[in-house]
Amino acid sequence: MSDFRLQRKFTRAPLKSQALYVDGEHVFKAKVLNLSEGGILLSELPHFPETKILPIAVSLIHYPRFAGMVHDELKQLSVDDFERSIVKTTVHIMRNYENQSNVDKVFINYIGCEFYKPSPEFKLAIFDYVDVFSKNTIYLLSLFESLGNRAEQLETLRTVAHLLGYDRRMKVPLLRAKVLHDYQSLESI
């Protein structure tokens, strides 16, 4: 039986992208690690924000659903060719860093932010991204389960993995473990 305390309120998905945030009169760029309908995890912030509420713009990738594609179609795809959109909202920094010095703040690697009053359009864009990424991850896991000795099946698996941001050169057991871990962390803490 699953412990409800270990369940996330929203399904999250990895997102290898960038975000821009505004603090005062300056715009800064951060790396996006993952997001859900509820919030976003940022890293590599060049400047720790002075306020707890920030305007943010995120570059969101639009993945196609890979499950319905044949091997030749998948081989023709490139992440660089996928449509992207910029979605904007405001975030609220979730951890309290008020008692830390500016020097201590330099060593903060990640900041979890909750979306603050997101528009319905923003929520839908995030929901669609997470939904498609989750389905593509399930498809990739099914490729591992049905992997036989056919070279084409292995190449399809590696192509889908690469399109989702994994290293296609990883050994299959290690790649499977990484994908499975990411899948399990979609919903659990």
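The values are calculated or read from the model by the stated rules, or taken from the named source; none is laboratory data. Since the model is a prediction, treat every value here as computed from it, not as a measurement. Here the Cβ is made from the backbone with ideal geometry for all residues, glycine too, and neighbour counts use every protein chain on show.
In region 108-133, the residues that are touching a residue at least 60 places away in the same chain (Cβ under 8 Å) and under 19 Å from SER17 (Cα atoms) reach residues that are aliphatic (A, V, I, L, M) and loosely packed, with under 14 Cβ neighbours inside 10 Å with C-beta atoms within less than 6 angstrom, at least six apart or across chains, in these pairs: GLY112/MET94; GLU114/MET94. The set of residues in region 115-159 being part of a helix (DSSP H, G or I) and among the charged types (D, E, K, R) consists of GLU121, LYS123, ASP128, ASP131, LYS135, GLU145, GLU152, GLU155, ARG158. Taking the criterion of being within 20 Å of SER134 (Cα to Cα) and surrounded by fewer than 12 Cβ atoms within 10 Å (Cβ to Cβ), the residues of region 15-70 that qualify are ARG65, GLY68, VAL70.
Table: residues versus (1) at pLDDT 95 or above; (2) more than 30 Å from LYS29 (Cα to Cα); (3) polar (S, T, N, Q).
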residue	(1), (2), (3)
ASP104	no, no, no
ASN109	no, no, yes
CYS113	no, no, no
SER134	no, no, yes
SER142	no, yes, yes
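Residues that are farther than 18 Å from GLY68 by Cβ and surrounded by 14 or more Cβ atoms within 10 Å (Cβ to Cβ) within region 130-154 comprise VAL130, PHE144, LEU147, LEU154, listed in sequence order.
ASP182 fulfils the conditions (1) at pLDDT 90 or above; (2) touching a strand residue (DSSP E or B) at 6+ places or on another chain (Cβ under 8 Å); (3) acidic (Asp, Glu) except for a single criterion, (1).
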